[in-house]
Each structure stands twice: as C-alpha cells, then as structure tokens.
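Enquirer: Got a structure here, written out as structure tokens. Questions coming.
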Amino acid sequence: MTDTSQAAVVTQGIQFGPKKLNLWMEPGVSRLNVRTLLFGSFFGIAMMSFINTCQAYLFEEVLMIPQNQQGVVAGNMTFYSEIVVILSIGLIGAMSDKIGRKPLWVAAFVIFAVGYFLYPLARTVDELTLYRVFFALGLATNTAMLPSVANDYPAEKSRGKMIAVCFTLNGLGFILIMAPIQQLLGFYENMTGGDAALTAKYWIWTASAICLFVSTGLAFGLKSGAPAQLKKKEGFLASLKIGLRAGKRLRVALAYTAAIVARGDMAVLSTFFVLWLTQVGINAGMDTADAARRGLLFYILIQAFALCWLPILGLILDRIDRVLGLAMAMVLAGVGYFSLFMLDDPLGPMMWVCAVLVGIGEMSANLASLTLIGSEAPVKGRGAVIGLFSLCGAVGILLVAKVGGTLSASFGPVAPFVLVASANVIVFVLALLAWKFGAKPLPGAGGSGGIAIH
C-alpha cells in the first residue's frame with residue numbers, strides 16, 4: 001500500500017446507514033455523533049412549534065383573553081419573538097464557531113425547558129410575552145445549530161442527502177410527538193377535575209420534561225470542540241452586500257421575494273391556525289380542551305400531508321425549470337390557504353380536504369423557494385446569498401404576525417389566511433413573468449439546490 005493510499009484510509013470518514021443511501025461522514029465523526037444529530041432533528045421542530053399550539057388553551061382558559069383580541073396577542077408575541085431571533089441568530093452562529101456547536105445546542109433545549117416551565121405560570125399577557133421572548137433565544141439557537149451540525153458532520157458528497165434526512169426527521173418528529181401531546185390535554189383535564197390552570201401546567205410541563213431529556217441526549221452524544229474546518233467568515237455587513245449584489249439578478253430577487261411569502265405561509269399556520277379552530281370549537285359548544293385538541297389534530301394532519309407530498313414534489317422540482325416550479329408551488333399554496341376561507345364548517349369533514357391542500361401548498365412554497373435560491377446562488381458567496389434569503393424569510397414572519405394579527409381583530413380569524421393566499425398569487429404572477437422574460441439560470445450554480453432548516 002502506498003503512502004498516498006494509507007493517507008486516504010486515515011482521512012476517510014465512516015459510512016452511515018444503508019449502503020444505498022451512501023452517507024459518508026467527515027473524519028472524526030462517530031456513529032454516536034450522527035445518531036445524536038438525527039435524534040436532535042427528530043425533536044427540534046416539534047419542540048419549537050408546541051409553543052404556538054399550547055397558546056390557545058392558555059388564552060381561553062387561563063388568561064381569559066377575549067376571542068376578538070386573541071389573534072392580535074398571538075401575532076404580537078410571534079412578532080417580538082422573531083425580532084429576538086433576527087437580532088441574536090448571527091451572534092449565536094459566530095459564537096458556535098468559537099466554542100463549538102455542542103454547548104449551544106444543549107443550551108437551546110435547556111432554554112426551551114425553562115420557557116415551557118414558565119409559560120403556564122404567566123398571569124398577564126405582558127408576563128406571557130416576556131416568557132415568549134426568553135423562549136425565542138432557544139428558538140434562535142436551535143435554528144442555528146441544527147443546520148450547522150447537519151452541515152458539519154457529512155462529507156461534501158453526502159451533504160445534500162444528510163440535510164434531506166434531517167428535514168424528513170423534522171416532519172416525522174412533529175407528527176409523532178405532537179399527536180400524543182395533544183391527547184394528554186384531555187387526560188390532564190380529567191386528572192385535575194377541570195382545573196384549567198393546573199391542567200395547563202401539567203400539559204406544558206410535559207413539553208418541558210421532553211426538552212430536558214433531549215438536552216441530556218445532545219450533551220452525551222454530540223461531537224465536542226469547535227469545527228476546525230471552518231474558515232474565517234465575512235462580517236455581517238460584508239455578507240449583506242454580497243447578498244444584495246446577487247439580488248440584482250432577477251431570479252435571485254424572485255427567490256428573496258418568495259422567501260418572504262413562503263415563510264409567511266408557515267408562520268400563519270403556526271400562529272393562527274390552532275387558535276382559529278379552537279375559537280370555532282368553543283363557539284360550537286365544545287369545551288376548550290376538546291376544541292384545542294381538534295385544532296391541533298388538523299394542524300398535525302397538515303404536516304403529515306406535507307411530509308407525504310415531499311418526495312413527489314422533489315421529483316417534480318428536479319425535472320422542471322426552478323422558476324416554473326416556484327410558479328406551480330405558489331398556485332398550490334394559494335389554493336390551499338384560500339380553501340380555508342371557503343369553509344362553512346372549519347371542524348367538519350371538508351377540513352380534511354383543506355388539510356391536504358394546505359399541506360401540499362405549504363411544502364411546495366417552501367421547498368420550491370429553497371431549491372430556486374440553491375440553484376441561483378453562486379458557489380462563491382453562496383452562504384451570504386442564502387443568509388439574506390433567510391433574513392427575507394424572517395421579515396415574512398414579522399409581517400404575517402403583525403399584519404395578520406391586526407386583520408384578525410378587524411375582519412375575523414380567517415383574514416390572515418386570505419392575506420397569505422393573496423401573497424402567494426402575487427408571487428405566482430412574478431414567477432411567470434420571470435420565467436417568460438428573465439435570464440437563463442446562472443451557469444455553474446448549484447443544480448439541485450439544498451434544503452435549509454429554519
């Protein structure tokens with residue numbers, strides 16, 4: 001064996017999972033490290049999302065907020081939360097380059113655990129908002145660490161597949177964790193004899209316990225140390241300039257615009273959907289716990305249908321022009337969200353059909369925008385371009401939270417869904433114009449794009 005071949009053996013990382021999947025890791029990454037990454041991916045999105053789904057019960061039964069004000073309160077809380085994420089996520093990413101991903105990802109779930117412990121103790125809206133802002137620090141940290149670790153561990157040739165596996169586990173975890181948690185609400189209500197404040201504590205403290213369990217697993221299984229392979233990064237302003245310069249290209253500018261709408265699509269579901277169905281159920285004579293469970297059930301179904309649609313959508317998007325794929329996705333999303341406006345009985349059987357349409361639309365808008373920016377971002381400066389794309393997505397969340405909450409108070413709880421449906425139609429028109437009159441895809445840019453986790 002030659003010296004060269006010996007060096008190759010030494011520097012070759014492990015192969016993980018089925019051979020057909022062909023996932024290769026960087027040298028020094030163990031199977032335990034990879035399993036822990038997948039473990040964190042499974043719990044990550046579910047434990048970030050439960051903060052929104054539990055709010056309907058708190059608003060109605062514990063804080064007793066009038067229904068016509070609940071949408072405004074939910075929107076404001078998401079707005080303040082996202083401001084914290086925007087202000088802190090860059091600093092958190094830079095810190096992880098210095099001290100490593102492990103302590104920060106563990107800290108994210110510790111913050112979640114403390115946040116969920118404090119949440120049902122709130123007695124005023126201001127106090128609840130303060131706890132939500134604290135929780136947002138964990139949200140920003142998890143949002144930064146999950147994709148960072150998912151990029152650190154795999155070898156370059158397996159990077160896209162590894163991130164896709166993490167993305168799939170995000171969805172599976174949401175479905176498989178949220179379904180049992182929503183059943184526990186009724187169990188705790190029976191156990192406490194209908195004491196709403198005590199029911200809320202037991203229910204939300206269950207999520208707190210799960211987060212502590214996850215933080216312990218991450219502490220034991222993640223790779224220690226800072227990622228030595230990383231090079232010095234550009235400062236924030238320099239990176240922003242690179243992203244803005246790329247935005248002069250029509251297809252990149254379209255992707256930035258699509259990010260605002262696609263992330264707004266997700267935000268309108270997480271912020272307003274369960275709240276709306278809970279209010280409908282209460283007005284129909286259901287108790288709050290049953291109404292909240294019914295709303296959460298349909299929310300879980302939406303994510304399940306989105307996950308089922310994911311592999312089909314991936315095949316479609318890889319076979320057509322990225323901009324045309326975005327136009328198709330925006331039509332699907334617009335139809336899905338507008339279908340909610342057409343419902344006569346939001347808790348009736350037709351909601352199953354709408355859940356299919358919304359799930360397909362939500363996944364289509366997000367994946368199509370991600371693949372477009374992945375294709376159009378140049379190899380040099382790709383991080384800056386995708387970073388600005390993510391920043392545009394955060395702006396979309398802010399807009400939906402604030403404007404959607406205001407519209408909800410003025411025109412009813414369905415108004416935020418009409419807002420995002422209209423925005424999807426606008427991007428559909430822009431995509432058609434870009435496809436017909438725009439320039440060709442950037443030569444040498446990534447072909448298949450990548451899946452970003454946020």
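Enquirer: Could you please find all residues in the stretch 18-42 being surrounded by 18 or more Cβ atoms within 10 Å (Cβ to Cβ), farther than 15 Å from residue 222 by Cα and not aliphatic (A, V, I, L, M)?
Expert: 24
Enquirer: For the structure I just gave you, tell me whether residue 267 is out of contact with any helix residue (DSSP H, G or I) (no Cβ under 9 Å at 6 or more places or on another chain), among the small types (Gly, Ala, Ser) and at pLDDT below 90.
Expert: Values: out of contact with any helix residue (DSSP H, G or I) (no Cβ under 9 Å at 6 or more places or on another chain): no; among the small types (Gly, Ala, Ser): yes; at pLDDT below 90: yes.
So residue 267 does not fit the description; no.
Enquirer: While we're on this one: Is it fair to say residue 427 is of a type outside the set (S, T, N, Q), over 20 Å from residue 250 (Cβ atoms), at pLDDT 85 or above and part of a helix (DSSP H, G or I)?
Expert: On the way: of a type outside the set (S, T, N, Q): yes; over 20 Å from residue 250 (Cβ atoms): no; at pLDDT 85 or above: yes; part of a helix (DSSP H, G or I): yes.
No, not satisfied.
Enquirer: Determine, yes or no, whether residue 172 is more than 23 Å from residue 104 (Cα to Cα) and in a helix (DSSP H, G or I).
Expert: Details: more than 23 Å from residue 104 (Cα to Cα): yes; in a helix (DSSP H, G or I): yes.
So residue 172 passes the test.
Enquirer: Considering every residue within the stretch 293-300, establish whether at least one is free of Cβ contacts under 8 Å to residues at least 60 places away in the same chain and assigned to a helix (DSSP H, G or I). Reasoning before the result, please.
Expert: Within the stretch 293-300, the subset free of Cβ contacts under 8 Å to residues at least 60 places away in the same chain is 294, 298.
Next cut, assigned to a helix (DSSP H, G or I) only: 294, 298.
Within the stretch 293-300, one or more residues are free of Cβ contacts under 8 Å to residues at least 60 places away in the same chain and assigned to a helix (DSSP H, G or I).
Enquirer: In this structure, does residue 214 turn out to be in the same structural domain as residue 41 (by TED's automatic domain parsing), at pLDDT 90 or above and either in a helix (DSSP H, G or I) or hydroxyl-bearing (Ser, Thr, Tyr) (or both)?
Expert: On the way: in the same structural domain as residue 41 (by TED's automatic domain parsing): yes; at pLDDT 90 or above: yes; either in a helix (DSSP H, G or I) or hydroxyl-bearing (Ser, Thr, Tyr) (or both): yes.
So residue 214 fits the description; yes.
Enquirer: Quick one: which residue in 76, 151 is without any contact (Cβ under 8 Å) to a residue 40 or more places away in the chain and either in contact with a Gly (Cβ under 8 Å, 6 or more places away or on another chain) or surrounded by fewer than 21 Cβ atoms within 10 Å (Cβ to Cβ) (or both)?
Expert: Numbers: 76 fails: without any contact (Cβ under 8 Å) to a residue 40 or more places away in the chain.
Going through 76, 151 in turn, just one is without any contact (Cβ under 8 Å) to a residue 40 or more places away in the chain and either in contact with a Gly (Cβ under 8 Å, 6 or more places away or on another chain) or surrounded by fewer than 21 Cβ atoms within 10 Å (Cβ to Cβ) (or both): 151.
Enquirer: Take the stretch 333-363 and flag every residue that is under 23 Å from residue 285 (Cβ atoms) and at pLDDT 90 or above. Before the answer, list the steps.
Expert: Just the residues of the stretch 333-363 that are under 23 Å from residue 285 (Cβ atoms), to begin with: 340, 343-352, 354-355.
Correct list: 340, 350, 351, 352, 354, 355.
Enquirer: If you scan the stretch 162-181, which residues turn out to be crowded, with 22+ Cβ neighbours inside 10 Å and touching a Pro at 6+ places or on another chain (Cβ under 9 Å)?
Expert: Matches in the stretch 162-181: 162, 166.
Enquirer: Then there's this: Is it the case, given these coordinates, that residue 337 is of a type in the set (Phe, Trp, Tyr), buried (at least 20 other Cβ atoms within 10 Å of the Cβ), farther than 19 Å from residue 427 by Cα and in the same structural domain as residue 267 (by TED's automatic domain parsing)? If you could, list the steps in order and put the result at the bottom.
Expert: Values: of a type in the set (Phe, Trp, Tyr): yes; buried (at least 20 other Cβ atoms within 10 Å of the Cβ): yes; farther than 19 Å from residue 427 by Cα: no; in the same structural domain as residue 267 (by TED's automatic domain parsing): yes.
No; evaluated as a whole, the condition is false for this residue.
The values are calculated or read from the model by the stated rules, or taken from the named source; none is laboratory data. Please read these numbers as outputs of a predicted model, since none were measured by experiment. When we count neighbours, we look across all protein chains shown, and the Cβ atoms used for this are built from the backbone with ideal geometry, even at glycine.
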